[in-house]
1. How far apart, in nm, are the 7 Å Cα→Cβ label points at residue A:29 and residue B:582?
2. Quick one: if you stick a label point 7 Å off each Cα along the C-beta vector at residue B:379 and residue B:229, how many nm between them?
3. For the protein assembly as shown, what is the percent of antiparallel DSSP beta bridges, rounded to the nearest 5?
4. Past 31 Å, Cα to Cα, is the threshold; run B:358/B:408; B:319/B:391; B:28/B:155; B:203/B:408; B:42/B:304 against it and keep the listed order.
5. Normalised by the residues of chain B, what does the relative contact order come to in percent, with Cα pairs under 8 Å and at least six apart?
6. Computed on alpha carbon atoms, what radius of gyration and Dmax characterise the protein assembly as shown, expressed in Å?
7. Kindly compute the accessible surface that chains B and A hide from a 1.4 Å probe when together, both sides summed, and give it to the nearest 100 Å².
8. List, in order, the whole-Hz ³J(HN,Hα) value for each residue of segment B:294-309 obtained from phi through the Karplus relation with A = 6.51, B = -1.76, C = 1.60 and θ = phi - 60°; use x for Gly and Pro.
Amino acid sequence: MSADDSFTNKEWQVIGRAIARLRASVMAVVFAMLGGGVLFLATAVLVVNATEGMPVGPTLSLLNNYFPGYSVTWPGAFIGLVYGAIVGGAAGYLLSYVYNLVVETRHPHMKKG
Amino acid sequence: MIVGGGPAGLTAAWDLARAGVAPIVLEKDSYVGGISRTVQYKGYRFDIGGHRFFTKVDQVNDWWMDVLKDEFLLRPRLSRIFYNDVFFDYPLKPVSALRSLGIIEAGLVGMSYLKAQLFPHPEEANLEQWVSNRFGYRLYSIFFKTYTEKVWGMKCTEIGADWAAQRIKNLDLKAAVKSMFISNRGSKKQQITTLIEQFHYPKFGPGQMWEKVRDLLGESGHPVQMGHDAQVIHMDGRRVVAVTAVDRDGNRVRHEGEHFISTMPIRELIQAMDPPPPPEVLAAANSLRYRDFLTVGLVVNKDKLFPDNWIYIHSDKVKVGRIQNFGNWSPFMIPEEGRSCIGLEYFVQEGDELWSAKDEDLIELGKKETDTLGLINAADVVDGVVIRQPKAYPVYDGVYKDSLATLKEYLQSVGNLHCVGRNGLHRYNNQDHSMLTAMYAAENILGKAKHDVWEVNLEEEYHEEKATDAKGATGERLVPQRVTLSPVQVLEDAFAKYDPVALGAAMAVVFGLGLFLATAILVVKGGPHMGTHLSLLNNYIPGYSVTWPGAFVGLILGAVGGFLNGWTMAVAINAVVTIHLSRLLKRLDNPAPYETMDLEV
Ligand SMILES: Cc1cc2nc3c(=O)[nH]c(=O)nc-3n(C[C@H](O)[C@H](O)[C@H](O)COP(=O)(O)OP(=O)(O)OC[C@H]3O[C@@H](n4cnc5c(N)ncnc54)[C@H](O)[C@@H]3O)c2cc1C
């Protein structure tokens, strides 16, 4: 089998020129998992490694400026999981939404999907 | 010679007989009318799906009126959708639909519509994506999903978006709402819509039309040969010379003729040819597919069950797809007062579980399902009958077009063979177009014209669709195609490049906006040590601080940084994909030894 048997040159050109789209729902879920997961882990590591008498995660706990109720504690880790997921999901969705919008404006001739 | 005593075969026969030609009609069954027959059971009459006589072809309309004259009734049409124990007008009327849904569900429908408008599914490859992008997922799941899946036996995610686009052409909710306020009475559209609100129907069902034509043929000396199954089509090169039919007693009768009109399914026609046609033609015929149909007729000891001619069942709790109330088609379908006869329609595949079930079991299923739906009390059902209709729908799948092109070329080269009708052309024709092809074939044989019957109903839009577009989609006339991805599409997906500018812009928005919001929140909150940590960012972003001007600096420089980041990422990914693609191309040009091995033994 050779390349010519299966696809014409034109078809290869089409393949070569195809522009990827981002699936907003998939990106939202991936970013949500990342956001939630990272914040949960970051909090959990600090809680586990806490030393008696020392403040636990003073810098990370500043995040409660943005996420009311968040703290570097076990309950806080779970609250952070939720917040991280929400913010991550929104960022992922926004990212792919803007990306697809720009692709569609720049390549109006290309079909969807 | 005419094979088939359905609408197409009988139309051709009657036109030829009236022109002085002696037609021989072979009909394998003991009744005429084919799919348009009316089945009689103890005096009760059941159609295969309820047949409206409805056409924009004057030639056909005149023909109908000429044959049945004042035996035609003009009937009002009422059809509704039954979903969650509630009826919805069909074709859909937005206000009544929303009223029937109830405030909460209507609100949810509205929200899901809004969501679809704001964040449509980026892809529109299948029916689900196409419809829910336009109407919202909730409305789609109520009015499209279940019924379409029942009719076609495929998931809506497997049905190509093209089908929806064709079927639901100009329908959008905005247009529907507008049409409620702006009257188009008197317009062509309105006239057609009126025709859809009422339709012609023979007193005793469509079968009456075809029984009448059978009798007319008999009286003129050309009786239809009932119970004659055409099994062999004798060929001599590119000519048909005779047809051998087997009658009910197993006798083989050979009929010679000058011209042959076939209304039998193309697949069977090709398979019956002796000697067989070229292998590619046989293969094309074998690839044609059909969808079958089964009606469970129930006699109910109660009249006035519901006012509809038919009801679409959108509940997924039951298998029945549509319910006909034949007394509302014509009161003459019922021999006794105080009773009803209804037809429960199941869309099936020949040989599947429902198709092969025992009649008694199917009748029990019908009773149970109508009871579950709350439409009929099972105790009121006094009798039942099962009617099976193989090959009710020719299927337009991913391969049918190519196969049909091969078949058409071959069949057209057989000079004295005329294929007409629905399955005879593998086209989704109603009676009118099935008949028109037969009329054209008769005219061709009589030397009056040179029609191309394959062109009938190809370009024309079925005006029922055109007219109802503004109100609702019927979802039942065209046949959907399975979504198939070509290898090019698959590779396009796999090797698609990221647009660096688009990824840059997207990252710019996320970074810029993120930094702006993070700063702004702290500024708004205020406090003595607010933002000491965040302001460390000015090590990387000159001029940045946790202040209002700083927030805007963050917005701009965050966006610039984001853009560069996204752009670089896209370029890097594209470089890797390109290297991978060119390696693959090289491998295809110089295949490794194992790839040339023939693994088929
Ligand atoms: C559910 C449903 C609803 C419909 N609703 C409507 C409607 O409302 N209005 C409308 O106008 N149309 C409607 N139609 C379409 C209509 O039924 C068809 O267009 C019409 O019956 C086609 O006529 P025909 O003669 O081409 O084929 P058929 O009706 O299929 O008739 C073919 C005949 O050929 C005979 N035959 C086949 N093979 C052989 C053989 N080898 N030897 C001898 N005889 C043979 C068969 O027994 C049959 O009698 C509907 C169809 C379906 C399935």
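1. The answer from the label model is 3.6 nm.
2. That separation, rounded to one decimal, is 4.5 nm.
3. Bridges in the protein assembly as shown are about 75 percent antiparallel.
4. Details: B:358/B:408 39 Å; B:319/B:391 19 Å; B:28/B:155 35 Å; B:203/B:408 38 Å; B:42/B:304 20 Å.
The answer is B:358/B:408; B:28/B:155; B:203/B:408.
5. Once divided by the residue count of chain B, the mean separation gives 18 percent.
6. 33.3, 113
7. In total, this chain pair buries about 3300 Å².
8. 9, 10, 9, x, 10, 9, 10, 7, 6, 9, 6, 5, 7, x, 6, 6
The values are calculated or read from the model by the stated rules, or taken from the named source; none is laboratory data. On a predicted model such as this, the values are computed, not experimentally measured, just so you know. Using ideal geometry, Cβ is built from the backbone for each residue, glycine included, and neighbour counts are taken over all protein chains shown. SASA here: full protein model, heavy atoms, side chains in, ligands and nucleic acids out. Shrake-Rupley method; radii C 1.70, N 1.55, O 1.52, S 1.80 Å.
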